[in-house]
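Have a look at the structure below before the remarks.
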Amino acid sequence: MEKQNAGKRPIALPITLVLLVFSLIGNVFLYSQYLQNKQQNNYEFGQTVVEKLTESRLYAQEMIKVIDGLAQSSTQADRYELAYQIGRAAAVGYAVSELMTEAGGLSESDAASGAEEAEAYINAAAAKLTGIAHQEGRLSDNDQEQLAALKADFEEMEQALGGFNYAIGENRAASIRLASGLEWLDIAKKMEQVIKQQ
């Protein structure tokens with residue numbers, strides 16, 4: 001009778017091994033889900049960055065066109081359409097503020113401060129240009145100087161934004177890489193410097 005009991009194996013060991021295997025499989029599955037979610041978040045962040053850079057560049061380009069139009073205008077009637085374009089461009093310009101928020105989140109700088117400065121700059125530029133657009137008659141030398149100074153700022157921004165490879169948005173791996181700040185944080189810092197000069 002004792003020999004038969006000695007030949008039986010305890011059932012606890014196989015059950016423990018099965019549970020251990022399932023636990024390991026579950027951990028690997030959960031970790032792979034975590035990595036997949038992290039990559040998806042990084043991809044979405046990269047797409048947001050590309051979108052904000054594109055809109056910021058469009059803003060700078062539109063403002064340069066408006067400033068050129070104002071500088072060449074001779075009557076208030078010539079400037080009515082430009083006044084509308086200023087408001088439309090400023091609405092797109094808030095992408096600059098959002099870009100500063102994203103950049104501040106990745107760098108050591110204060111994100112809220114950079115975004116507020118960018119928003120204040122956009123509002124001030126729009127107000128200055130709108131004021132010039134609503135003047136009667138020919139523009140004064142002071143107005144032309146203000147236009148030239150603003151145009152120089154926007155050209156500097158546009159030049160910085162022109163150094164970005166916008167085709168990155170079409171490549172998933174490249175978009176994911178943007179989440180680390182590569183290739184665009186320096187552009188945001190250059191834009192912030194232009195804004196702070198004012």
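The values are calculated or read from the model by the stated rules, or taken from the named source; none is laboratory data. Predicted model, so just to flag it, every value in this text is computed and none were measured. Glycine gets a Cβ as well: all are built from the backbone with ideal geometry, and neighbour counts include every protein chain shown.
Rundown of residues vs (1) within 30 Å of Ala152 (Cβ to Cβ); (2) assigned to a helix (DSSP H, G or I); (3) modelled with pLDDT under 95, yes/no style:
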{"position": "Gln4", "(1), (2), (3)": "no, yes, yes"}
{"position": "Arg9", "(1), (2), (3)": "no, no, yes"}
{"position": "Leu13", "(1), (2), (3)": "no, yes, yes"}
{"position": "Leu58", "(1), (2), (3)": "yes, yes, no"}
{"position": "Gln61", "(1), (2), (3)": "yes, yes, no"}
{"position": "Lys65", "(1), (2), (3)": "yes, yes, no"}
{"position": "Arg79", "(1), (2), (3)": "yes, yes, yes"}
Q: Return only the number of the condition from (1) closer than 20 Å to Tyr166 by Cα; (2) of a type outside the set (Asp, Glu); (3) modelled with pLDDT of 95 or more that Leu99 does not satisfy.
A: (3)
Q. Across the range 111-133, which residue is surrounded by the most Cβ atoms within 10 Å (Cβ to Cβ) among those that are touching a Phe, Trp or Tyr at 6+ places or on another chain (Cβ under 9 Å) and small (Gly, Ala, Ser)?
A. Ala118
Q: Among the residues of the range 163-198, write down those that are more than 13 Å from the chain's Cα centre (by Cα) and polar (S, T, N, Q).
A: Asn165, Asn171, Gln193, Gln197, Gln198
Q: Evaluate the following for Arg88: is it more than 19 Å from the chain's Cα centre (by Cα) and either surrounded by 15 or more Cβ atoms within 10 Å (Cβ to Cβ) or more than 12 Å from Met191 (Cα to Cα) (or both)?
A: yes
